[in-house]
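The block underneath contains the structure these notes are about, expressed in structure tokens.
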Amino acid sequence: MKPVHNVYPCVRMRRNRRHDWIRDLVAETSLSAKDFIWSIFVREDPVPAEIRTMPAIRRYSVHELTEAVGQAVDLGLRAIALFPVIDSEKRTDDAREALNQDNVLYQAVGLLKKNFPHVGIITDPALDSFTDHGHDGLYIKDDVANDESLEIICRHALLQAQAGADIVAPSDMMDGRVGEIRKLLDRHGYQNVGIMSYAAKYASNFYGPFREALGSDQCLGKGHKRTYQMDPANVCEALREVALDISEGADSVMIKPGLPYLDVIRQVKDRFLVPTFAFHVSGEYAMLKAAADAGMLSYEKTLIEVMTCFKRAGADGVITYSAVDILKLLSHGGN
Ligand code: PBG
């Protein structure tokens, strides 16, 4: 009988795991500062900095923001995703503060672009920061009205581009938004402003801390976003969403939330071969931080593991509240 060479004891999988250097040599996935987009909150003055459900994350004033981004840039940060938190008094049913050219978001974008011209600025034209009902679009007759919402979302996207945003990333899940935004941007000469579509955005409980950070949880009350965000049960539908957004002109797509949806990332990446991003959302951050703060696991080590898993699943990059922590860890040689 022929001796078997391709199994134990000839083959020992552990040989490639013996030392750091060999493990690194055979690693199929690696992280770099270039892979991360830092999601940050910019606040108006009456809004406090601390966020109860997101320990160690702050809502920055426009000026604090410049300092924070400056420090992050020194660590290698390349891009940010900015979310405004406005004075709740300014929330209205028509989200008119979104169109105020001096609002805190446009101020922040302008200042950041001036100070850090090489840092990518990504903004979200959804209306939930500005509506008194907390929805991403206009609420008319017991539902979020698609076509009426599109108009203001597009104008908001245009103002973001005019303020200096490099990419608009619509998270509102209105049908047709990518194509309409593309048309309006092009008509105004912003052909080079990109669209990163939140193509497959699920109606998720993991957004809780973000809504608290924005103050939109109170506004939303018992309301929900299931008439526009996707059912976590579905993946074929995610592929359709992605296909539509690409056909409407999206330059890249995003899957959101992150970790529980790695299968969606993998399928999207394999099928469409377009730049694909994951959003490690607020609730995922909060879970990790709370467990670490309770002494249950290491925040740093788990964070690096999670980010590695995103890339292994096919994500080209990750939007995360932990970007600065990751950059610090990477500059010290990972975990
Ligand atoms: C809303 C928006 C949400 C997030 C980003 N944009 C929440 C929601 O849809 O209610 C969630 C981000 C996070 O949880 O970190 N336009």
For the range 181-225, how many residues are more than 11 Å from the ligand (Cβ to nearest atom), more than 17 Å from the chain's Cα centre (by Cα), touching a residue at least 40 places away in the same chain (Cβ under 8 Å) and farther than 22 Å from residue 322 by Cα? 4
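Here is a check on your reading of the model: is residue 283 touching a residue at least 60 places away in the same chain (Cβ under 8 Å), open to solvent by less than 50 Å² (accessible area, probe 1.4 Å) and of a type outside the set (S, T, N, Q)?
For residue 283, the condition - touching a residue at least 60 places away in the same chain (Cβ under 8 Å), open to solvent by less than 50 Å² (accessible area, probe 1.4 Å) and of a type outside the set (S, T, N, Q) - is met.
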Determine whether residue 153 is within 14 Å of the ligand (Cβ to nearest atom), out of contact with any Ser or Thr (no Cβ under 6 Å at 6 or more places or on another chain) and β-branched (Val, Ile, Thr). yes
Residue check for residue 197: crowded, with 16+ Cβ neighbours inside 10 Å, among the hydroxyl-bearing types (Ser, Thr, Tyr) and in contact with a helix residue (DSSP H, G or I) (Cβ under 6 Å, 6 or more places away or on another chain): yes
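Listed here are the residues, each with its yes/no results for (1) free of Cβ contacts under 8 Å to residues at least 24 places away in the same chain; (2) within 24 Å of the chain's Cα centre (by Cα); (3) not in a loop (DSSP other than H, G, I, E, B).
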{"position": "14", "(1), (2), (3)": "yes, no, yes"}
{"position": "52", "(1), (2), (3)": "no, yes, no"}
{"position": "55", "(1), (2), (3)": "no, yes, no"}
{"position": "69", "(1), (2), (3)": "no, yes, yes"}
{"position": "72", "(1), (2), (3)": "no, yes, yes"}
{"position": "77", "(1), (2), (3)": "no, yes, no"}
{"position": "81", "(1), (2), (3)": "no, yes, yes"}
{"position": "105", "(1), (2), (3)": "no, yes, yes"}
{"position": "108", "(1), (2), (3)": "no, yes, yes"}
Answer yes if at least one residue in the range 109-129 is open to solvent by less than 20 Å² (accessible area, probe 1.4 Å), farther than 22 Å from residue 39 by Cα, within 13 Å of the ligand (Cβ to nearest atom) and of a type in the set (Ser, Thr, Tyr), and no otherwise. no
Per the filter on the range 174-194, residues open to solvent by less than 40 Å² (accessible area, probe 1.4 Å) and either polar (S, T, N, Q) or in a helix (DSSP H, G or I) (or both) are 177, 178, 179, 181, 182, 184, 185
Inside the range 110-157, can you point out the residues that are of a type outside the set (Ser, Thr, Tyr), touching a strand residue (DSSP E or B) at 6+ places or on another chain (Cβ under 6 Å) and in contact (Cβ under 8 Å) with a residue 60 or more places away in the chain? 120, 122, 132, 133, 135, 137
Expected output for the range 30-49 (first residue open to solvent by less than 40 Å² (accessible area, probe 1.4 Å), partner in a helix (DSSP H, G or I) and of a type outside the set (A, V, I, L, M), Cβ below 7 Å, 6+ apart or cross-chain) is 31/308; 31/311; 35/311
Just one of (1) surrounded by 16 or more Cβ atoms within 10 Å (Cβ to Cβ); (2) at pLDDT below 95 trips up residue 273, so point out which. (1)
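The values are calculated or read from the model by the stated rules, or taken from the named source; none is laboratory data. Just so we're clear, the structure is a prediction, and the values are computed from it rather than from any experiment. When we count neighbours, we look across all protein chains shown, and the Cβ atoms used for this are built from the backbone with ideal geometry, even at glycine. For the accessible areas, the whole protein counts, side chains as well, though only heavy atoms, and no ligand, DNA or RNA atoms are used. Shrake-Rupley method; radii C 1.70, N 1.55, O 1.52, S 1.80 Å.
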